[in-house]
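Colleague: Let me give you the structure first, and then I'll get to my questions.
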Amino acid sequence: MGFALTVLYLLTYYLTPATLFGPLAAYRIELILAILAILASLPALPQSLIFKTPQSLATIGLAAAVFLSILIGMRWFGGVQIALFDFLPCALAYFLVCLHCGSKLKLRILVGLMVFVCFFVILQGTAELKKVADASPAEYSDAELQELSSHYVFAMKDDQDQWFYRLGGLGQINDPNDFAQLVVCVVPLVFMFWGKRKPIRNVLFVLLPVGGLLFGVYLTHSRGAILAVLAIVIVAARRRIGLIPSIIIAAGLFFAATALNFSGGREISATSGEDRTALWGTGLQLLKTHPLFGVGFDNMPDYAGQTAHNSVVVCAAELGLFGLFFWVLFVFSTVNDAFRVSSAIPKVIEAPTYRAMKPAVPNNSPAGAMSEIDIHRLGTAMLLSLTGFLVAGWFLSRAFVLTLFLLGGMAEILYQKALERDMVPPRMRFGQLTRYTGLFGFLLILVMYISLRILNLMH
């Protein structure tokens, strides 16, 4: 029951209540599902891993940071409830995944849900993109062209002042860049369905879906998604062919994407992002003037006109160093655990010879239990997915989205499975983890500051 409610809750949040429930959405169906999912989770709490993970503490700390950023940063007690209602539904995904998705089958269903969401948007958007493309731009004014855009189509102008259209989703993924980030994260996870010596299955359930997802990324014309895909290629290929050949392949793919107009006629360069880097600088100035609790959750647009288009900057500016610490704690712990699982070498049991063969011993492990090879493979897919999320997030103000907490829950399930099989070392002690978190947070701000200085010199 808890797993079914979790799946329905995540599906509702991605596709919006209005899409799934129509007029019933007015009754706050998503809130009802959240309450039911929490109630169904209570029996699983005593044996759950959520009391063992630093991400649980980080999520609670982020909720406290959101609270304090509104109460102290904005001095607006009435806004606390609004801010928490925006943040907590996303954070809830981490706990629900940890509680109810602890088997290979359930993780695959979870990935299947994300694939379904992506293809739902791609298919809806493709149909509406065709309808918009059939209209002659000469027949419409700029305002009328924008009105032609639907829920799944976003109209904007390229560097030559020509209209072009981008694919987007609904709700939290309504922006094309946000939807592209989700798709990029899902692509590596599809390889969870890969089977050794199963070519038909691999073509139908892995290669074809990946091709469709990459086509969806193309339709978003997201420049950040291009860089995220290239980062995934480098990380995936470096262990097999080395770092330098991986970078060369990624560079070739970059030129191919440019030739295919992947960015929709917009230049990919330092100068083309001047407006974005100016917002980064504004965000760092806000951190300087409001260092402890920030200017308030989701409140940077009131100071800068719009948000920062960088997850690190928006977290630091809106929640201050207090909130940034807990965000980095969540991200660092998740990426570190995924890296350890992907680096673990599974024990390969050699097939016994004919003479050594004995009557089979009954297998007491539950059906569908993860083997060490499964854990290693899924951990690698998870590391690549997180790579795509974070690289795309460097150009997006999406520090607190549902996808981050969902991936965090999946990563911790895999780490717990690897821990039970002695594939990975125990989790870091809290003191050591806080030192690494503080250092990593400092380095992120330093990298952002140095990047801005270099970009300003180039302009």
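Colleague: Sort out which residues of the stretch 38-57 are part of a loop (DSSP other than H, G, I, E, B) and among the aliphatic types (A, V, I, L, M), and write them in order of number.
Modeller: 45
Colleague: Considering only residues that are of a type in the set (A, V, I, L, M, F, W, C), surrounded by fewer than 24 Cβ atoms within 10 Å (Cβ to Cβ) and in contact with a Phe, Trp or Tyr (Cβ under 8 Å, 6 or more places away or on another chain), which ones fall in the stretch 329-344?
Modeller: Selection gives 332 alone.
Colleague: Identify all residues within the stretch 230-256 that are under 15 Å from residue 383 (Cβ atoms) and not polar (S, T, N, Q); write none if there are none.
Modeller: 231, 232, 233, 234, 235, 236, 237, 238, 239, 240
Colleague: While we're here: Within the stretch 22-40, can you find the residues that are buried (at least 16 other Cβ atoms within 10 Å of the Cβ) and in contact with a Ser or Thr (Cβ under 8 Å, 6 or more places away or on another chain)?
Modeller: Of everything in the stretch 22-40, those that are buried (at least 16 other Cβ atoms within 10 Å of the Cβ) and in contact with a Ser or Thr (Cβ under 8 Å, 6 or more places away or on another chain) turn out to be 29, 30, 33, 37.
Colleague: Right, something else. When the residues of the stretch 1-16 are filtered to those that are hydroxyl-bearing (Ser, Thr, Tyr) and part of a helix (DSSP H, G or I), which remaining residue is nearest to the chain's Cα centre (by Cα)?
Modeller: 14
Colleague: Something else: Sort out which residues of the stretch 274-308 are of a type in the set (Gly, Ala, Ser) and outside any loop (DSSP other than H, G, I, E, B), and write them in order of number.
Modeller: Scanning the stretch 274-308 gives 278, 281, 283, 304.
Colleague: Here's another thing I want to ask about it. Can you name the condition, by its number, that residue 262 falls short on among (1) within 20 Å of residue 83 (Cβ to Cβ); (2) not in a helix (DSSP H, G or I)?
Modeller: Evaluating residue 262 over (1) within 20 Å of residue 83 (Cβ to Cβ); (2) not in a helix (DSSP H, G or I) leaves (1) as the failure.
Colleague: Any idea how many residues of the stretch 142-187 are modelled with pLDDT of 90 or more and assigned to a loop (DSSP other than H, G, I, E, B)?
Modeller: Of the residues in the stretch 142-187, 0 are modelled with pLDDT of 90 or more and assigned to a loop (DSSP other than H, G, I, E, B).
Colleague: Residues in the stretch 281-294: is at least one farther than 30 Å from residue 63 by Cα, surrounded by fewer than 17 Cβ atoms within 10 Å (Cβ to Cβ) and either without any contact (Cβ under 8 Å) to a residue 24 or more places away in the chain or not assigned by TED's automatic domain parsing to the domain that holds residue 445 (or both)?
Modeller: Within the stretch 281-294, none of the residues are farther than 30 Å from residue 63 by Cα, surrounded by fewer than 17 Cβ atoms within 10 Å (Cβ to Cβ) and either without any contact (Cβ under 8 Å) to a residue 24 or more places away in the chain or not assigned by TED's automatic domain parsing to the domain that holds residue 445 (or both).
Colleague: Within the stretch 103-116, restricting attention to residues that are more than 15 Å from the chain's Cα centre (by Cα) and either surrounded by fewer than 21 Cβ atoms within 10 Å (Cβ to Cβ) or outside the structural domain of residue 62 (by TED's automatic domain parsing) (or both), which residue is farthest from residue 41 (Cα to Cα)?
Modeller: Filtering first and then ranking leaves 116.
Colleague: In the stretch 219-248, which residue that is touching a strand residue (DSSP E or B) at 6+ places or on another chain (Cβ under 6 Å) and in a helix (DSSP H, G or I) is surrounded by the fewest Cβ atoms within 10 Å (Cβ to Cβ)?
Modeller: Here the answer is 219.
Okay, residues lined up against (1) within 27 Å of residue 412 (Cα to Cα); (2) in a helix (DSSP H, G or I):
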{"position": "18", "(1), (2)": "no, yes"}
{"position": "23", "(1), (2)": "no, yes"}
{"position": "34", "(1), (2)": "yes, yes"}
{"position": "59", "(1), (2)": "yes, yes"}
{"position": "66", "(1), (2)": "yes, yes"}
{"position": "69", "(1), (2)": "no, yes"}
{"position": "75", "(1), (2)": "no, no"}
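Colleague: Next up: Restricting attention to the stretch 386-423, which residues are over 13 Å from residue 337 (Cβ atoms) and among the hydroxyl-bearing types (Ser, Thr, Tyr)?
Modeller: Correct list: 387, 397, 403.
Colleague: Another question, if that's okay. In the stretch 280-301, is there at least one residue being modelled with pLDDT of 90 or more and among the charged types (D, E, K, R)?
Modeller: Checked the stretch 280-301: at least one residue is modelled with pLDDT of 90 or more and among the charged types (D, E, K, R).
Colleague: Please state which of the following conditions residue 437 fails to meet, knowing it meets all the rest: (1) buried (at least 20 other Cβ atoms within 10 Å of the Cβ); (2) free of Cβ contacts under 8 Å to residues at least 24 places away in the same chain.
Modeller: (2)
Colleague: Something else about it: Considering only the stretch 188-218, how many residues are outside any helix (DSSP H, G or I) and either farther than 22 Å from residue 411 by Cα or under 16 Å from the mean Cα position of the chain (by Cα) (or both)?
Modeller: So the count comes out to 3.
Colleague: Any idea which of (1) assigned to a loop (DSSP other than H, G, I, E, B); (2) of a type in the set (Lys, Arg); (3) modelled with pLDDT of 90 or more is the one residue 355 doesn't satisfy?
Modeller: (3)
The values are calculated or read from the model by the stated rules, or taken from the named source; none is laboratory data. Remember, it's a predicted structure, so these values are computed and weren't measured experimentally. Here the Cβ is made from the backbone with ideal geometry for all residues, glycine too, and neighbour counts use every protein chain on show.
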